[in-house]
Amino acid sequence: MARASGLAMRMVLFGPSGAGKGTQAQMLKDQLGVVHIASGDLFRNHLRLGTPLGRQISEYVNQGLLVPDEVTIDIVLDKVMPLMSAAGFILDGFPRNTHQAEVLEAKLVGEARGLDKVVAIDVAEDVLVGRLGSRYTCRQCQAPHAVAPGEKAPVCSQCGGVLYQRPDDAPAAVQRRFQVYQQETLPVLEFYRKRGLLAEVSGVGTVEEVYGRVTAALGLGPAGRPSAKPSPKPR
Ligand code: AMP
């Protein structure tokens with residue numbers, strides 16, 4: 001897909017599991033040419049490859065618990081910090097507690113490239129439960145797909161890879177992830193609200209409708225360009 005503007009925005013997409021962060025991040029990445037860094041995808045790659053780190057984190061991920069900060073912060077910052085200072089990025093799934101938010105802020109502000117915006121996607125819990133129950137994920141590229149109950153999971157629409165149901169999308173793990181989100185992750189909203197970085201949008205509706213709200217919250221026009229601002233009136 002075309003990289004429209006090359007706008008170097010640095011942003012966090014925030015929200016509970018199933019809110020659609022991954023889908024929206026992929027669309028923003030295609031439109032803006034920014035780098036998409038999803039902490040969950042990084043972890044699942046280690047699980048898939050059976051690395052020592054994968055073995056260390058598998059219980060946390062499969063049960064829907066947060067991976068300890070000392071592992072998580074390193075794995076994400078290892079992707080963010082080498083980016084050129086002019087590069088834009090989307091963080092998806094990180095930060096998930098205030099300590100992660102503080103460390104990220106200290107690192108980015110230390111290099112004069114703090115976040116431009118945090119967009120929180122809000123969806124009611126009963127809707128999320130339904131979405132996660134029918135979610136199949138590509139083993140290869142991690143793209144999420146909705147598959148109706150009883151329907152055979154097709155192959156991945158993005159890369160033709162095999163689809164599977166994530167163990168942490170099973171009902172018990174989903175409940176645990178919601179609890180963790182309420183207790184540990186929601187306070188991160190306040191952290192960013194206080195800094196004037198937060199925009200909240202509804203995640204209900206079609207993918208395109210939600211995308212319209214996300215881009216509006218980022219101050220982008222339909223093609224990912226900054227919205228035209230009226231020129232100041234001459235005095
Ligand atoms: P996600 O794909 O974002 O739903 O993440 C899947 C799982 O990866 C989570 O349930 C956690 O076990 C782990 N994980 C992802 N991001 C983080 C994070 N920022 N902090 C701790 N654990 C994380």
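Things worth noting here:
- Relative contact order (%) - criterion: Cα under 8 Å, at least six apart; region: the stretch 1-117: 39
- Near-label residues of the stretch 165-185 by backbone N, under 13 Å of a point 7 Å along Cα→Cβ of V147: 165-167
- Taking the Cα centre of the chain as origin and assigning +1 to Lys and Arg Cβ atoms and -1 to Asp and Glu Cβ atoms, the resulting dipole is close to 720 debye.
- Cβ-derived FRET efficiency at R0 41 Å, D41 paired with E102, nearest 0.05: 0.95
- Ellipticity estimate at 222 nm from DSSP helix runs (n ≥ 4, -39,500 (n - 2.57)) divided over the chain, nearest 500: -12500 deg cm²/dmol
- Scoring 139-150, 8-19, 31-42 by mean Cβ neighbours within 10 Å over their residues and listing the highest first yields 8-19, 31-42, 139-150.
- Gain on full stretching of the segment that runs from Q63 to T51 - 0.36 nm per residue minus C-alpha separation: 2.5 nm
- Gain on full stretching of the segment that runs from Q158 to E209 - 0.36 nm per residue minus C-alpha separation: 16.3 nm
- G221 long-range amide H proximity, modeled H, under 5 Å: S227
- Cα centre as origin, Lys/Arg/Asp/Glu Cβ charges: the stretch 1-123 dipole, Debye: 360
- Taking the Cα centre of the stretch 97-136 as reference, the dipole from Cβ charges on Lys and Arg (+1) and Asp and Glu (-1) amounts to some 200 debye.
- With R₀ fixed at 41 Å, the C-beta to C-beta distance from S85 to S202 puts the FRET efficiency at about 0.75.
All of the numbers you see were taken from the coordinates with simple rules; none came from a lab. Just so it is clear, the structure is predicted and the values come from calculations on it, not from any experiment. Every residue, glycine as well, gets a Cβ built from its backbone with ideal geometry; the counts of neighbours run over all protein chains shown.
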